[in-house]
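Read-outs: derived from the displayed coordinates by stated rules, not from any lab. Owing to the predicted nature of the structure, the values given are computational and were not obtained by experimental measurement. Note that we place each Cβ from the backbone using ideal geometry, even for glycine, and neighbour counts take in every protein chain shown.
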Amino acid sequence: DINTHKNDFGISNALRYRITPNLMAKASLGYDVRLPSEEELLGDGYIIAPAGNLIPERNTSVNVGMLFDLTGKSPCNLQIEVNGFYMYLQNMIRFTGGFLQSQYQNFGEMRTFGVEAEVKADVTRWLYGYVNATFQDLRDTRKYEPTSNVLNPSKGLRMPNIPYFLANAGVEFHKENLFGGKGQNVRLFTDASFVEEYFFDFEVSQYQEKRIPRSFKLDSGLEYSIMNGGLTFSAKASNLTNARLFSEFNYPLPGRAFTARIRYVLK
C-alpha cells in the first residue's frame, strides 16, 4: 500500500510491501520544511540570545528498511528491524555555544548517511529485553564560508556535537501478584546506553583534540503497583556507576542520582 501525506511543511510518500506474513519491506521519500521554533527565534531571555534572522530548514530524506515481526504470533513477540537512511539538509538550524550567550544559527548544508537496527523480545513470560544501535555519518557539505567566497575548511568533515555511533540495551522483569493477592504488579528494569567518542568542534587538524569521550550510562529502577494500578510506588537510580558524562558541547553532566515517586490515580 502507498500513503501520501501533504501539509504546510512538506510532502512524504511511503511504500510498504509484505514479503511474507512475518516480513515486511518499507521505503519512504520525503521533503520537509521546518519553521524555527519560538525558542530558536526569541531565545530564553537568559542563556540563549534571540535570532530573528533565522530561515526555515529544508530537508530531503530517503528511508528503506525491513521489519520481521512475530508480535501476537509467538510467545516471544520477537521484532527485528533494520533501517537505512539518507538526508540532505539545507539551512540547518544549529545551536552555537558562546562565551556569555549561545544562539541558534542557520549553518548551511549537511549530508547524512546512516543505519539503525533494533531487536526486542519477551525472553520469558516475565522477562523482556531489547537492544538497538545507530551509526550515522553526518558531513558538512558547504563549499564556501557563510556570506563569502572563502573556501570552507571544514567541507567534508564530520559534523560536531552529534554522536555518530550510539547503542542502547535493557532488560525488564515484570510479574503480577508476585507476593500473592490480587491487582498487584512488580516491574524491575535496567537500561544501558553507550555513546562513542565524538567531536564538539570541527576537527580540522590531526593535532586537535576537541573530543567528547566515550561514555557508558546505566540506569536501574523498581516499580510496584497495587489496586490494579491505582497506587504506584517507584524508585530509580540514574547513572548507577557514577560515570563521567558530558553534553554535546562538552559540559559535564550530573553523576549518580536517586529519585522516588508515589502516584495515586483517582478512579
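Report, in whole Å, the centroid distance computed from the Cα atoms of segment 18-59 and segment 167-225. Computed from Cα coordinates, the inter-centre distance equals 26 Å. Approximating the spin labels as points 7 Å out from Cα along Cα→Cβ, the Lys155-to-Ala169 distance works out to 4.2 nm.
Remark: relative contact order (segment 138-246) = 22 percent; criterion is Cα-Cα distance under 8 angstrom and separation of 6 or more residues.
As an exercise, use a Förster radius of 30 Å and the Cβ-Cβ distance of Val119 and Ala14 to find the FRET efficiency, rounded to the nearest 0.05. Step by step, r from the Cβ atoms, then E = 0.85. Here the relative contact order of segment 175-217, from alpha carbon pairs under 8 Å that lie six or more residues apart, stands at 32 percent. A simple spin-label model places pseudo-atoms 7 Å from Cα toward Cβ; at Lys143 and Ser74 they are separated by 5.2 nm. The residue list Val204, Gly181, Ala25 was ranked by how far each Cα lies along the charge dipole of the chain toward its positive end, using unit charges on Cβ atoms, and Gly181 comes out on top.
Over the C-alpha trace of segment 69-192, radius of gyration and Dmax come out as 22.5, 75 angstrom.
With contacts taken as Cα pairs under 8 Å at a separation of at least 6 residues, the chain carries a relative contact order of 10 percent. For Leu100 and Glu39, a Förster radius of 22 Å and the Cβ-Cβ distance give a FRET efficiency of 0.80, rounded to the nearest 0.05. About its Cα centre, the chain has a charge dipole of approximately 660 debye under the convention of +1 per Lys or Arg Cβ and -1 per Asp or Glu Cβ, with nothing else charged. Rounded to whole Å, the principal axis extents of the Cα atoms in segment 1-140 read 56, 36, 26, largest first.
Note on Met66 and Asn250: the extension gain reaches 62.7 nm, defined as 0.36 nm multiplied by sequence separation minus the Cα-Cα distance. The magnitude of the dipole of segment 122-267, with charges of +1 and -1 set on the Cβ of Lys/Arg and Asp/Glu and taken from the Cα centre, is near 460 debye.
Estimated from helices alone, the mean residue ellipticity of the chain at 222 nm is -500 deg cm²/dmol (sum of -39500 (n - 2.57) over DSSP H runs with n ≥ 4, per residue). Pairs from the list Lys210/Lys236; Lys182/Lys267; Lys120/Lys236 with a Cα-Cα gap above 25 Å: Lys210/Lys236.
Evaluated at q = 0.07, 0.09, 0.10, 0.14 Å⁻¹, a Debye calculation over the C-alpha positions of the chain (equal weights, vacuum) places log10 I(q)/I(0) at -0.38, -0.63, -0.77, -1.27.
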